[in-house]
Amino acid sequence: MKRAAVHTLVLQSLMLFASLGWALDTTVLPDPALQARYVALTHELRCMQCQNEAIADSPVDLAADLRNQVREQLLAGKSDDEIRSWMAARYGDFILFRPRYSWRNAWLWGAPAVLLLVGAWFSWRIVRTRTLLLADDHEPLEEDLRP
Amino acid sequence: MNRFLVPLGVFALLAIVLAIGIRHSPDKGIIRSPLIGKPAPSFALPALLEPGRTVRSQDFKGRWYLLNVWGTWCGECRAEHEMLLTVGKSGAVPLIGLDWKDDDAQAQAWLRQLGNPYETVAVDRSGRAAIDWGVYGAPETFLVNPAGIVVYKHVGALTQAEWTHDILPRVNGGKS
């Protein structure tokens, strides 16, 4: 009985996820390579109306219009970067889920490296002080005094 | 003393960075238009009220205008309409409508019933012109200067506050 319950649960969750996977966007481009680029691009462009969804996943009208733009521009032979720039020129960098490097956000990109260096410096200092402390430590441990 | 100096410094720095972030963050969900300071996107669209006429962006070169993006499907646009009528009546700056993804007959009926504040209304049935303007939700209003440069954008219903503080001073030459 337990097994059956587990099976039902698994089946139900599979059905739930299958429903989420229902294609909202049924666009198919003639060339599989173009199609792959289309899928990738529509997943990395933000839907400006819903803002936390990609245009590929959004049911709103504007997302459909933007997907249509991606399709048309791919068919016209535009490169991925040209399409990204085209979108960013109209909606700002905010439309790109993968932000581009620029001098304005350079500090953000550089922050992990800087933090890593700061952390390395701190750990080096701590290790060094402790090593020095150990070297200065001439007091024998209690255990060492035992016969 | 020294023990607390570094954490305190880090805390102060973080507080400053976050304070700047909070002060500069725009209203939630409102995104600064990359169009500001750039030439207004050009368009050539059919006129809603004059059959056969084409409304071109070049028609407005040499004078200030407000481009107002609206649609009869948009609830906020109805709320905004009263303000637009005030703006239209003031005569301070011409209002150009961009009827976004709408039904012509409904749009014409809307203007007949509620009054028409627009000098002219361009019909963007496909939504292509709106994309060029970076429109993501109606109503949106753009102020364009005589050189054809977008100088200001307002997302959401236009109110007396934006009209008196952001739009009129620019048109009157006080604020760039």
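Readers should treat all values here as calculations from the given coordinates under stated rules, not as data from a laboratory. All values reported here derive from a predicted model rather than from experimental measurement. Note that each Cβ is placed from the backbone with ideal geometry, even for glycine, and that neighbours are counted across all protein chains shown.
Quick look at the numbers
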| quantity | calculated |
| --- | --- |
| Segment B:127-176: number of residues that are closer than 18 Å to B:Ser90 by Cα and among the β-branched types (Val, Ile, Thr) | 6 |
| Residues of segment A:51-68 satisfying the condition of being crowded, with 20+ Cβ neighbours inside 10 Å and in a helix (DSSP H, G or I) | A:Leu62, A:Ala63, A:Leu66, A:Arg67 |
| Of residues in segment B:81-100 being assigned to a loop (DSSP other than H, G, I, E, B) and in contact with a Leu (Cβ under 9 Å, 6 or more places away or on another chain), the one nearest to B:Val69 (Cα to Cα) | B:Pro94 |
| Only listed residue being of a type in the set (S, T, N, Q), over 21 Å from B:Leu35 (Cβ atoms) and free of Cβ contacts under 8 Å to residues at least 40 places away in the same chain, chosen from B:Gln113, B:Gln108 | B:Gln113 |
| Strands (runs of 3 or more DSSP E) lying entirely in segment B:108-176 (those with 1 or more residues that are among the hydroxyl-bearing types (Ser, Thr, Tyr), within 25 Å of A:Gln51 (Cβ to Cβ) and in contact with a Lys or Arg (Cβ under 9 Å, 6 or more places away or on another chain)) | B:140-144, B:150-155 |
| Segment B:97-142, subset among the β-branched types (Val, Ile, Thr) and either within 14 Å of chain A (Cβ to nearest Cβ) or surrounded by fewer than 20 Cβ atoms within 10 Å (Cβ to Cβ) (or both), residue nearest to A:Asp65 (Cα to Cα) | B:Ile131 |
| Segment A:83-130, residues that are of a type in the set (D, E, K, R) and not in a helix (DSSP H, G or I) | A:Arg98, A:Arg100, A:Arg104 |
| Subset of segment A:56-102 [in contact (Cβ under 8 Å) with a residue 12 or more places away in the chain, within 16 Å of the chain's Cα centre (by Cα) and within 11 Å of chain B (Cβ to nearest Cβ)] | A:Phe94, A:Ile95 |
| Counted residues, segment A:20-48 - those being more than 18 Å from the chain's Cα centre (by Cα) and surrounded by fewer than 17 Cβ atoms within 10 Å (Cβ to Cβ) | 16 |
| Residue in segment B:61-81 that is touching a Gly at 6+ places or on another chain (Cβ under 6 Å), under 30 Å from B:Asn172 (Cβ atoms) and within 14 Å of chain A (Cβ to nearest Cβ) present | no |
| Enumeration of residues in segment B:59-77 that are within 19 Å of B:Ala161 (Cβ to Cβ) and either assigned to a helix (DSSP H, G or I) or among the β-branched types (Val, Ile, Thr) (or both) | B:Glu76, B:Cys77 |
